[in-house]
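The values are calculated or read from the model by the stated rules, or taken from the named source; none is laboratory data. The structure displayed is predicted, hence computed values, not measured ones. As a convention, Cβ positions derive from the backbone with ideal geometry for all residues, glycine included, and neighbour counts pool all protein chains shown. To get the accessible areas, we keep the full protein, side chains included, count just its heavy atoms, and leave off ligands, DNA and RNA. Shrake-Rupley method; radii C 1.70, N 1.55, O 1.52, S 1.80 Å.
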Amino acid sequence: MNARVESHVYGGQGTATHANLDQFGTVATLLNDAADYVARTGANWKTINLELGTIRAKAPLCPKLFGKLLTASMGMANTSDSDTTVHVSLNYQLVLQHANERAEEAEMLMKKAQTMAEQLTDAYSLYSEADETARGLFNEKIKNFALEHPRLAGGGLALLMAGSTVIGSILDGKPNLWYLATGSSPLHEGILSALGQKIAGGKDKKKTVRDHMVPDDGTGIRDHMIPDDGTLPHLPNSASGASSGIINDAAGRIADRSAPFTNALHGDKLTVSQIHPKKGIGKTTSIEDTLVNVHDMRLNDVEVGSIAIQKYRRDDGSTAWMVTIPGTDGKTYSPFSWPVNIELMSSDEQERMAADSARMVDEAMRQAGVQPGDPVAMVGHSQGGIVAAVMASDFTDKYNIQHIVTAGSPVANHPIKEGIAVTSIEMNDELVSALDGAPNPSNPDWLTIRGTSQSRFSTNGTEVEGSGNDKSITHGMEYMKAAYQDAKAEGGPALYGHEQHFRQVINGELQETTYWRGRMSYK
Amino acid sequence: MTTLDQYTVSNTFEAIGRTGDTLSNAVSGLDFYNGCPCPTVLRESQNLIASLCTSHANAIKDMEDVLSQAKALIWEGKAGEAFHTDVDGAIVIAQTAGNGATTTARFIESPEALL
């Protein structure tokens with residue numbers, strides 16, 4: 001039985017303006033209110049017999065209302081009144097039949113309205129801002145607690161990991177260490193943030209992106225970010241373009257020491273050359289395609305350390321580009337080796353730009369012929385997503401990057417330039433995307449699809465193809481694709497807006513797909 | 001979330017609480033020599049049903065207004081299509097319920113409603 005994933009969408013109001021976002025919330029509330037009103041009248045119909053009974057009691061001796069038997073037994077049958085007065089009565093049987101029909105109609109309408117209100121609330125993630133704010137506050141509390149009581153925090157984390165593993169293993173019927181990350185997932189960002197602060201040197205040196213994103217009025221919606229004209233708003237994806245999180249400060253400190261070691265290990269000379277794999281990737285027309293393609297780079301055994309660049313001819317004659325970047329391959333001769341991740345995560349722009357994989361993508365794009373004005377979209381899994389974020393942060397003078405898609409990448413603190421759309425897909429218990437120690441910024445440009453692993457035997461959400469019977473690492477592209485599919489099935493303007501934006505960037509005929517391989521050497 | 005059953009239970013408790021009213025009505029109704037109060041019972045019962053028909057129609061009208069707002073929402077994709085299908089279905093139910101209220105209002109004033 002395959003695993004299942006259920007997703008929630010945060011941020012990225014896409015084509016929705018503030019006005020119609022409000023409208024969605026208003027309609028959901030109105031539907032609930034109207035359902036309540038209908039429910040009250042339905043209940044009144046259901047209990048009308050009690051009200052009628054109270055009124056009916058006013059004529060206890062009426063032979064028509066209560067039958068001749070009752071009045072006769074009370075000695076009333078022979079009164080003059082009983083002979084001359086015309087008694088009247090409702091046909092209560094028919095009246096109650098009408099009442100039941102009205103009650104049934106009311107109940108049906110109430111249920112339908114409540115279901116629709118739920119659909120709206122779910123699909124539009126109306127409360128996602130509040131969720132994200134709560135998550136940020138929770139992370140902050142965990143971080144502060146871990147800094148003040150590191151042993152207790154470590155013990156608590158270990159306890160959660162052990163408990164989750166034991167329960168998961170019992171359910172699986174055999175030991176499975178992947179559950180280590182599942183039970184402890186709510187603590188990952190907070191603990192990692194504390195660790196980052198410890199490494200970075202105690203106090204927060206810089207404000208994080210998130211610090212700047214929290215609205216002053218506490219509403220969760222930032223008015224200044226959403227223009228009234230319905231266009232895709234442009235706003236900074238980070239506060240100043242230079243700020244980054246403490247995790248990135250810590251990564252910078254580590255990278256200062258690790259980069260020379262990495263260079264010594266496999267050399268600093270980068271060679272990028274075109275390759276021709278037997279089987280490559282297909283045309284990209286949607287965000288979903290980008291996820292399939294970045295996965296296919298691995299499934300089709302395209303050489304390690306390689307990326308794909310697709311050239312599209314747009315209707316207006318201009319050229320657009322799609323860059324597909326797989327994740328860490330762990331080979332020392334590849335620019336996508338493990339230690340490079342640290343440099344890519346650095347808060348230092350120069351350090352990020354000098355990372356082997358970022359240099360490799362830059363060089364491949366240059367060789368492929370990407371011109372400064374050409375619209376570019378990028379997708380990356382894991383390290384590939386961090387590279388895409390680095391390109392969208394630090395290479396915007398050189399390339400016209402308009403949309404990046406990241407899957408399982410810790411990019412919350414990268415100073416991505418304003419106006420660039422970011423679609424991020426993450427899993428709650430994959431650990432890797434939590435390495436930034438913070439939730440992604442939630443704004444119209446940045447949409448995050450957060451998948452949650454469903455418990456065993458659950459039928460909720462979307463099936464993860466090929467995941468098999470056992471719990472496995474959820475950082476894989478199978479999970480990322482399922483998380484996206486689940487969000488897409490839900491619909492909603494945020495996702496639709498990002499899909500539309502992505503299509504507008506590419507929007508043309510595929511001219512060619514070229515593959516580029518990077519190799520590291522000493523000279 | 002509100003359910004109709006919650007209101008039904010609360011209405012029932014309210015009715016039980018008014019048992020005194022029922023008894024008091026019954027006692028005053030024993031004064032048979034002033035004539036049988038059944039025409040009053042009929043009128044009050046008809047008024048009660050009629051007022052319920054009015055509030056039912058108002059609730060349905062409110063719902064129809066909200067449904068027309070829901071119908072105007074732009075929502076693409078499968079879930080959006082499903083939502084709009086639900087809205088259309090709810091509009092039909094609301095129309096049926098509205099007609100039902102009118103039918104009951106007419107019925108209660110008609111000879112058919114009497115024994």
### Query
How many residues, within the range B:65-84, are within 28 Å of the chain's Cα centre (by Cα) and at the interface with chain A (Cβ under 7 Å from one of its Cβ atoms)?
4
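Test A:Glu101 against the criterion of being open to solvent by 50 Å² or more (accessible area, probe 1.4 Å), at pLDDT 95 or above and at the interface with chain B (Cβ under 8 Å from one of its Cβ atoms), and give yes or no.
Taking the combined requirement at face value, the residue satisfies it.
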### Query
A:Val370 versus (1) in contact with a Phe, Trp or Tyr (Cβ under 7 Å, 6 or more places away or on another chain); (2) in a helix (DSSP H, G or I): which is the lone unmet condition?
(2)
### Task
Please work out which one of (1) modelled with pLDDT under 75; (2) open to solvent by 70 Å² or more (accessible area, probe 1.4 Å); (3) part of a helix (DSSP H, G or I); (4) of a type in the set (D, E, K, R) is the condition A:Lys141 fails and give its number.
(1)
### Message
When the residues of the range A:482-497 are narrowed to those that are within 12 Å of the chain's Cα centre (by Cα) and either open to solvent by 40 Å² or more (accessible area, probe 1.4 Å) or acidic (Asp, Glu) (or both), which ends up nearest to A:Leu299 (Cα to Cα)?
### Response
A:Gln485
#### Entry: Test result for A:Gly451, more than 25 Å from A:Glu343 (Cα to Cα) and open to solvent by 10 Å² or more (accessible area, probe 1.4 Å)
no
### Task
Quick one: count up the residues across the range A:331-364 that are of a type outside the set (Lys, Arg) and part of a helix (DSSP H, G or I).
17
### Summary
Picking from A:Leu61, A:Leu31, A:Leu52, the residue that is of a type outside the set (Phe, Trp, Tyr), without any contact (Cβ under 8 Å) to a residue 24 or more places away in the chain and within 7 Å of another protein chain (Cβ to nearest Cβ) would be A:Leu61
### Query
Pick from B:Ala105, B:Ala101, B:Ala57, B:Ala94: which is modelled with pLDDT of 80 or more and in contact with a His (Cβ under 6 Å, 6 or more places away or on another chain)?
B:Ala101
### Task
Take the residues in the range A:327-342 that are in contact with a helix residue (DSSP H, G or I) (Cβ under 7 Å, 6 or more places away or on another chain) and open to solvent by 10 Å² or more (accessible area, probe 1.4 Å), then tell me which one is nearest to A:Ile281 (Cα to Cα).
A:Thr328
### Query
In the range B:85-110, what residues are over 21 Å from the mean Cα position of the chain (by Cα), surrounded by fewer than 18 Cβ atoms within 10 Å (Cβ to Cβ) and facing chain A (nearest Cβ under 10 Å)?
B:Asp86
### Query
Out of all the residues in the range B:87-108, is one or more on the phi < 0 side of the Ramachandran plot and in contact with a Pro (Cβ under 9 Å, 6 or more places away or on another chain)?
no
### Query
Taking the stated definitions as given, is A:Asp348 of a type outside the set (A, V, I, L, M, F, W, C), out of contact with any helix residue (DSSP H, G or I) (no Cβ under 8 Å at 6 or more places or on another chain) and open to solvent by 10 Å² or more (accessible area, probe 1.4 Å)?
no
### Query
Restricting to helices (runs of 4 or more DSSP H) lying wholly in the range A:1-74: which have 2 or more residues that are surrounded by fewer than 20 Cβ atoms within 10 Å (Cβ to Cβ), at pLDDT 85 or above and within 31 Å of the chain's Cα centre (by Cα)?
A:18-46
### Task
Among the candidates B:Ser55, B:Ser68, B:Ser24, single out the residue that is surrounded by fewer than 17 Cβ atoms within 10 Å (Cβ to Cβ), of a type in the set (Ser, Thr, Tyr) and outside the structural domain of B:Gln95 (by TED's automatic domain parsing).
B:Ser24
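Residues checked against (1) assigned to a helix (DSSP H, G or I); (2) free of Cβ contacts under 8 Å to residues at least 60 places away in the same chain; (3) aliphatic (A, V, I, L, M); (4) on the phi < 0 side of the Ramachandran plot:
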position: A:Gly380; (1), (2), (3), (4): no, no, no, yes
position: A:Ile386; (1), (2), (3), (4): yes, yes, yes, yes
position: A:Ala389; (1), (2), (3), (4): yes, yes, yes, yes
position: A:Thr396; (1), (2), (3), (4): no, yes, no, yes
position: A:His403; (1), (2), (3), (4): no, no, no, yes
position: A:Thr406; (1), (2), (3), (4): no, yes, no, yes
position: A:Val411; (1), (2), (3), (4): no, yes, yes, yes
position: A:Lys417; (1), (2), (3), (4): no, no, no, yes
position: A:Ile425; (1), (2), (3), (4): no, no, yes, yes
### Query
Can you tell me which residue in the range B:37-52 is surrounded by the most Cβ atoms within 10 Å (Cβ to Cβ), limited to those that are at the interface with another protein chain (Cβ under 7 Å from one of its Cβ atoms) and not aliphatic (A, V, I, L, M)?
B:Cys38
#### Entry: Failed item in (1) open to solvent by less than 70 Å² (accessible area, probe 1.4 Å); (2) more than 9 Å from chain B (Cβ to nearest Cβ); (3) over 30 Å from A:Met110 (Cβ atoms); (4) at pLDDT below 60, with A:Thr79 passing the rest
(2)
### Residue among A:Asp436, A:Asp445 that alone is in contact (Cβ under 8 Å) with a residue 12 or more places away in the chain, open to solvent by less than 40 Å² (accessible area, probe 1.4 Å), touching a Pro at 6+ places or on another chain (Cβ under 6 Å) and of a type in the set (D, E, K, R)
A:Asp436
